[in-house]
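All remarks here apply to the structure that follows.
The values are calculated or read from the model by the stated rules, or taken from the named source; none is laboratory data. Quick caveat, the model's predicted, so the values are computed rather than measured. Using ideal geometry, Cβ is built from the backbone for each residue, glycine included, and neighbour counts are taken over all protein chains shown. Remember, those area values only see protein heavy atoms, side chains included, never the ligands or the DNA or RNA. Shrake-Rupley method; radii C 1.70, N 1.55, O 1.52, S 1.80 Å.
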Amino acid sequence: MTEKSSFGPFLLLSGKDNVLVARANSPEGLVVALEGGEVRLSRPIPMAHKIARHDIAPGDVILKYGMPIGIATGAIRAGEHVHVHNIRSAYTPTHMLQDADGRSAGVSL
């Protein structure tokens, strides 16, 4: 069984994770106490979205539930939103997203 820990409105799903998951919508400016110290959210974080538990380097594997869900495409500071703008999928590395007309959307995984 996975041990879950709380960081205010954020939840740590596995001790291996480098992200925390929002249990509720969290406003910009909210101060969150992380292991490395307090951080102030630089943007609103929607419920079920993720923030970095600690600094994540480009190329690092993003772990949620102790499992890889993506790869950081750039540096992500502790407390920053972790989403499609700064990670690429680790689920489908051999596929490419396509627009509705079947042409490449210009995003390779």
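Points to keep in mind about this one:
- Hits in segment 11-58 (condition: within 16 Å of I69 (Cβ to Cβ) and touching a Leu at 6+ places or on another chain (Cβ under 6 Å)): L12, K16, D17, N18, L20, V21, I51, R53
- Candidates are the residues of segment 6-19 that are part of a loop (DSSP other than H, G, I, E, B) and open to solvent by 30 Å² or more (accessible area, probe 1.4 Å); the one that is modelled with the lowest pLDDT is G8.
- When the test is whether a residue is of a type outside the set (F, W, Y), within 21 Å of S6 (Cβ to Cβ) and open to solvent by less than 30 Å² (accessible area, probe 1.4 Å), A22 passes it.
- Screening G59, G70 for residues that are more than 19 Å from F10 (Cα to Cα) and touching a strand residue (DSSP E or B) at 6+ places or on another chain (Cβ under 6 Å) leaves exactly one candidate, G70.
- Filter pass, E28 being open to solvent by 70 Å² or more (accessible area, probe 1.4 Å) and part of a strand (DSSP E or B): no
- Residue tally, condition open to solvent by less than 60 Å² (accessible area, probe 1.4 Å), at pLDDT 95 or above and either part of a loop (DSSP other than H, G, I, E, B) or not β-branched (V, I, T) (or both), over segment 31-47: 2
- Only residues that are open to solvent by less than 70 Å² (accessible area, probe 1.4 Å) and over 12 Å from the mean Cα position of the chain (by Cα) were counted across segment 59-73, and they come to 2.
- I51 satisfies every condition listed in (1) in contact with a His (Cβ under 8 Å, 6 or more places away or on another chain); (2) open to solvent by less than 70 Å² (accessible area, probe 1.4 Å); (3) in a loop (DSSP other than H, G, I, E, B) except (3).
- Within segment 7-43, being among the acidic types (D, E) and without any contact (Cβ under 8 Å) to a residue 24 or more places away in the chain holds for E28, E35, E38.
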